[in-house]
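Down below is the structure, laid out as structure tokens.
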Amino acid sequence: MFGACAFWGLMAPLGKDAMTHGLDGLTMVSLRVLGGCVLFWLTSLFVKRETVPLRDKLLFAGAAAFGLVFNQCCYTIGLSITSPINASIVTTSMPIFAMLLAAVILKEPITGKKATGVLLGCSGALMLILTSATHASDKIGDLRGDLLCLGAQFSFALYLSLFNKLIRRYSVFTINRWMFLWASLLILPFTAQHVVEISSQPIPAKTWWEAFYVVFFGTYVGYILTMVGQQSLRPTVVSVYNYVQPIVSVAVSIMTGIGILKPTHALAVILVFCSVWFVTKSKSRSDMERERKTNIPATAECLTGMYAKI
């Protein structure tokens, strides 16, 4: 989990640098989706093949739309506009969106800790947005990019809530090979010509290596490491590693000069971290039912157990 989150944290500044020196958001999204599709289908040749009925193959199209297309388009294009520091801080809001959607879709109760977490998270996000609106700089933050990155987290949380049962039925390789295939079919017809035009222009070798990192380590390896970690760690432990992403991203962004850390950023980080802590320490509906049956306090699991176990 540390490896996966470190890869993702480094992906923000490297992806930002690549999209500043030759590539753009649409091209980077297309490379991620197509690269992930090729890598997961090649890997599936060497692992146990699972039978997927036609109905589930079609459902994977909807899962790909929310889990990959909207998520990666919003995040990558948002990253190309805003600072990597803001983008990485925003990614920690995933458990908050997962909690809210779980309350609406899965009828999970909202406890005092959850409500406190949401309030703190909203305060941190609002602070980031106001800072971005004031400066409108890709080193400090841009309102449009911050909102797109927030939209990416909401899209992925919606994917987890709507397709939870589907993605629990299959292995990581089966899930990703079908999702990346559908994502490629959904995105490439609209972006292929644009990618060809961009790639025909002179692009530095450094930019291509950064794009390779985003595709191979940030997408392919990161997804696999996450699944492996989630098989042996409790959801609460998995959720804690989410903090590694902004730490790595902020450190690298400041050292390379890609981003600038303002005092409001630091305060926003504290608020968002505290909000996720409150959310992950709150009890789920299953915990409360277990307590009522046994009268023994259940171990507090993160509301995003659904997200973490996937």
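Between the alpha-carbon centres of the range 55-83 and the range 147-167 there is a gap of 9 Å. A Förster distance of 35 Å, applied to the separation of the beta-carbon atoms of T51 and T256, puts the FRET efficiency at 0.15.
Taking R0 as 22 Å, what FRET efficiency do you get between L58 and I105 from their Cβ-Cβ distance, rounded to the nearest 0.05?
For L58 and I105, the calculated efficiency is 0.60.
Extension gain for the segment H21 to E197, taken as residue separation times 0.36 nm less the Cα-Cα distance, is 61.8 nm to one decimal.
Here the peptides 75-88, 11-24, 211-224 are ranked by packing, the mean other Cβ count within 10 Å, and the order with the highest first is 75-88, 11-24, 211-224.
What percent does the relative contact order of the range 1-92 come to when contacts are Cα pairs within less than 8 Å and at least six residues apart? Before the final figure, lay out each step's value.
On the way: 36 pairs, mean separation 49.9, N = 92.
In percent, rounded to a whole number, it is 54.
In plain terms, the chain from K206 to R168 could stretch by 9.8 nm, reckoned as 0.36 nm per residue minus the Cα-Cα distance. Computed from phi, the 3J(HN,Hα) profile of the range 188-198 under the Karplus parametrisation 6.51, -1.76, 1.60 (θ = phi - 60°) reads 4, x, 9, 10, 4, 4, 5, 5, 4, 5, 5 Hz, with x in place of Gly and Pro.
Throughout, read-outs are computed from the coordinates displayed, never taken from laboratory work. Remember, it's a predicted structure, so these values are computed and weren't measured experimentally. Quick reminder, even Gly has a Cβ in these numbers, built from the backbone with ideal geometry, and neighbours come from all protein chains shown.
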